[in-house]
1. If you take every DSSP beta bridge whose two residues both sit in the protein assembly as shown, what share of them, in percent to the nearest 5, is antiparallel?
2. What is the mean number of Cβ atoms from other protein chains located within 10 Å of the Cβ atom of each residue in peptide B:198-207, rounded to a whole number?
3. Report the label-to-label distance for residue A:205 and residue B:276 in nanometres (one decimal), using points 7 Å from each Cα along the Cα→Cβ vector.
4. At 0.36 nm per residue, minus the direct Cα-Cα distance, what do residue B:435 and residue B:216 gain on full extension? Give it in nm, one decimal, please.
5. How would you rank A:321, B:318, going from fewest to most other Cβ atoms within 10 Å of each one's own Cβ?
6. Could you grab the relative contact order for chain B? Cα pairs under 8 Å, six or more apart, rounded to a whole percent.
7. Calculate the FRET efficiency for residue A:116 and residue B:229 from the Cβ-Cβ distance with a Förster distance of 51 Å, rounded to the nearest 0.05.
8. At q = 0.05, 0.08 Å⁻¹, what log₁₀ I(q)/I(0) does a Debye calculation on the Cα points of the protein assembly as shown give, no solvent, two decimals?
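Just so you know, all these numbers are worked out from the coordinates, no wet-lab data involved. This one's a predicted model, so the numbers in the text were calculated from it and none came from an experiment. No Cβ is skipped: glycine too gets one built from the backbone with ideal geometry, and neighbour counts run over all protein chains shown.
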């Protein structure tokens, strides 16, 4: 009743090609964005912003990046953590090497350097496919992390090997460093997240995205109809790594404040991969939903016993959390292998027929 | 269809669930948040530490009714020794309690690095006792961080002093081969600059061997040790890395009494898995070992009703348990010192910071608390948040740790120079103006 596109006639090509052709979708999206920009900074506590929402948005950016590569272009990658590390370490080197450089520019440049590294490690993708490619990207994960740990230039020769996000301001507002408020950090990350999502959504429904999907579905057929594999695959690696690089830089500057290579280890790669599998491969929305699921559910499970007034030892609670979380993932994949994005779609279908389903 | 519906409901639940942590704490109590790790790869180290901390808080509450009559409450948060979870725990706990978190003990060098910049904004003092960022000993730059009683760099100098004495004088170290086996992380890299400076001064050859996290795989490391045949091995390890290293050392028949661990590589869980082979292995520490001190008897009587078995089940008298006790002495006495200035009520982080900075643990006070001979008198000042406390060496005899040396004062002039240089570098990178301690009240 509420959600029905009947009567929404398209009179121009532009309207027909809009990202969200249905009026209600647009309203819903703008409402969410307005809520995220206006209401959340007003009502959320520092714990919520700093420990829950900021990392969630950062991982969502990385998940969008990986979904472009794995979900759309079909190239399985286990190097997400390493590409995030490239972003973080280049942002650190750029920010400390050129203190006058605008920090937003630093983030973008660190995304670009991650993209270049992504292209190099994407080169084998022309010859190796599937799980074998995953192993090749695993090499990126181990090599890059090893390099950041062993080459002191990357951490400015300090004794501990830790990189620290220096305080930087833009137009008089502290964006990074300990004195930046949780609200400004949140808004900065949110802006990157929304712009990144918008860009990705447009990319995947355009010519490039169609090339990627053709390659994913059958690369030989794609080649026969005239899609050049190498540039398209490398482009997927570059753009995916760009997203991961920006996410890594934000992880260091807006969330952690200081980091060592341990923050970008193989488990980060797995975590982001699980996000897109749970969320839905080949869906931008799925990347966001998956990130929310993987990041929020453990936090909820940690706090749930206290919410209902149960107090239990922390170790028992942690074990319980791991068990529940694991079984929920299994349950989800059994009931809906196509991920949360598919569930969302089913929900929308149902909503169209509500309240008179047939 | 029903399954799909269930799925839909679950999705809605997962996406939209607000999880607001509840605070249920009576007013008028001092709140000490505890970041612990009772699960994960480092749990064997995390559990005794946390138990020691708890038992001392319980003892104070039961024996003295808290600190000057103000009860202490604490809340645990599980970090799994993971920096991201550590930050989440810190954010969750920093505002709890009647007056907010009094002081925070991260129990991980990685988490300490994260918290130092945050804590100065939130006004919560960070106490990283014998770990964390050594440069934080310079209180003019690191106003909110404390490394008392002693740090990695002090310990490294104490190592050199100790082996120098074993050889019959520091001048005899010339040409000796010393190998450092370290955990390849911020923690493990800490002693390297100090050991390098000392190697130039005393002429020993320093070899560095890194072991990557978590440290189960050390075959190549020990192959190199075999080739190099070092005169001494120092180990900066943590968790599973320690026991693997000790087993490997035994396997190549390295003389165990020349293999010395940092104070985080010298707990029961490190040596027990190696069994008899670990006999003779040494480690540094900055407090007594065993359960023969007054405070242990008081804990046994007050908390466990004299039941030694129950107490031992809670790690009573183990190395890291004891370290938990020592840690809490610093914290609670800092709170007591702060109360001397601000009155007997729940202390805020800001007030406890002042208490930490003006903490003077005299021998008299320690005796009164039951810590006679257990730890050394110590003093923290505004300039010096470390104090260069003395280091002592313990040895594993196959069944228990025993103290085998005298107390060694670190070469604090050298350490202090390095600390100040590193702190100045940090201040410059982060636009901090070091404060003038002569103006502090």
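1. 35
2. Taking the mean over all residues of the peptide, I get 0.
3. So the two model labels end up 7.4 nm from each other.
4. Roughly 74.4 nm would be gained on extension.
5. Least to most surrounded, the residues fall as A:321, B:318.
6. 19
7. It comes out at approximately 0.70.
8. Debye intensities relative to I(0), on a log10 scale: -0.28, -0.72.
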